[in-house]
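*Asks:* Have a look at this one.
Computed from the coordinates by the stated procedures, all read-outs in this text should not be read as laboratory data. Fair warning: this is a prediction, and the values are worked out from it, not measured in the lab. Counting neighbours? That spans all protein chains shown, and the Cβs are built from the backbone with ideal geometry, glycine included.
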Amino acid sequence: MTTIEGNLQGLRERIARACAQAGRELSAVSLLAVSKTFGPDAVRQAQAAGQRSFGENYVQEGVEKILALREFPASQGEPLVWHCIGPVQSNKTRLVAAHFDWMQSVDRLKIAQRLSEQRPEDMPPLQVCVQVNVDGGLTKSGVAPNALLALAEAIASLPRLKLRGLMCIPEPVEGFEAQRDLFLQARLLFDRLNDEGFGLDTLSMGMSDDLEAAVAAGSTMVRVGRAVFGSRAGKITSPV
Ligand SMILES: *Cc1c(COP(=O)(O)O)cnc(C)c1O
């Protein structure tokens, strides 16, 4: 068994325990493997171990991997699904629209409009989450909760995007309950949008260090890097 295969197995058990603790079905929480800084070989190993969905922070790096892995034999099963989870500058939206299946970190209408305009006609609509800033962290991207409804309405009307849900990355805090309380704020916003009729099915939250708290608060997708691929050696600090 490769290290990545073993990590994935351990992680699936961890998610299963978190679901059981929270009284939720295991099928309610999906795993996005965050492959940033790791090469195509690591993605192939995870794929061979049954993982299908991968997340990338840095557009250029992600696109290179998507292209390198495009020729993977169909006999290996369903195609990979690629999520962009990092902040994107206006001049990179075309690359995202042309190569990714999902864009999880939309927090401005201008970016959403460009993605919709630039999504190629022969591809399905780009699946989108709005990133919401639940704790007011000054350095973090994400729309403020009081501006969320207007942004969600505007995005829902764009023809080449499909609004699927919310994503959040709270500042790290110590302790399960403090973590859960932050995630619950995102859950509340998610429920409110669905009360307004948005029909969202994706609440993307929880990472290697806090996924239990996120699952307890209702996460439907945990985004996990280090617990799948190991620690990142040369941490890239600025988006490309
Ligand atoms: C890197 C990253 C992750 C994964 O973080 P780990 O701590 O490695 O699990 C999840 N979401 C986003 C947006 C990230 O940038």
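*Asks:* What is the set of long-range amide H partners of SER105 at a cut-off below 5 Å, with H atoms built 1.01 Å from backbone N?
*Replies:* HN-HN under 5 Å from SER105: CYS129.
*Asks:* For segment 37-86, with the dipole built from +1 on Lys and Arg beta-carbon atoms and -1 on Asp and Glu ones, taken about the Cα centre, which of GLY77, GLY62, GLY39 lies farthest toward the positive end?
*Replies:* Projecting each Cα onto the dipole axis, the largest value belongs to GLY77.
*Asks:* I've got another one for you. Residues in segment 170-202 near a label at ARG17, defined as backbone nitrogen under 17 Å from the 7 Å Cα→Cβ point?
*Replies:* Backbone N within reach: 175-177.
*Asks:* Next question. Can you tell which of ALA213, ALA22, ALA227 lies farthest toward the positive end of the dipole of segment 3-229, using +1 and -1 charges on the Cβ of basic and acidic side chains (Lys, Arg; Asp, Glu)?
*Replies:* ALA227
*Asks:* Related question: When 1/r is averaged over all different Cα pairs and the result inverted, which Kirkwood radius in Å belongs to the chain? Display every interim value, and only then the final one.
*Replies:* Details: mean 1/r = 0.0552 Å⁻¹.
Averaging 1/r across every pair of different Cα atoms and inverting gives 18.1 Å.
*Asks:* Which of the listed residues, THR202, VAL173, GLN118, is farthest toward the dipole's positive end in segment 3-229, when Lys, Arg count +1 and Asp, Glu count -1 at the beta-carbon?
*Replies:* Looking along the dipole axis, the top candidate is GLN118.
*Asks:* Related question: Would you mind pulling out the separation of the Cα centroids of segment 99-146 and segment 156-183, in Å?
*Replies:* 12 Å
*Asks:* On a full-extension model of 0.36 nm per residue, what is the gain between THR3 and SER231, subtracting their alpha-carbon distance, rounded to one decimal in nm? Could you put the intermediate results ahead of the total?
*Replies:* Working: separation 228, 0.36 × 228 = 82.08 nm, distance 1.24 nm.
Length difference between fully extended and current span is 80.8 nm.
*Asks:* In nm, what is the difference between 0.36 nm times the number of residues separating GLU71 and LEU109 and their Cα-Cα distance? Present the calculation step by step, with values, prior to reporting the outcome.
*Replies:* Values: separation 38, 0.36 × 38 = 13.68 nm, distance 3.41 nm.
My answer for the length gained is 10.3 nm.
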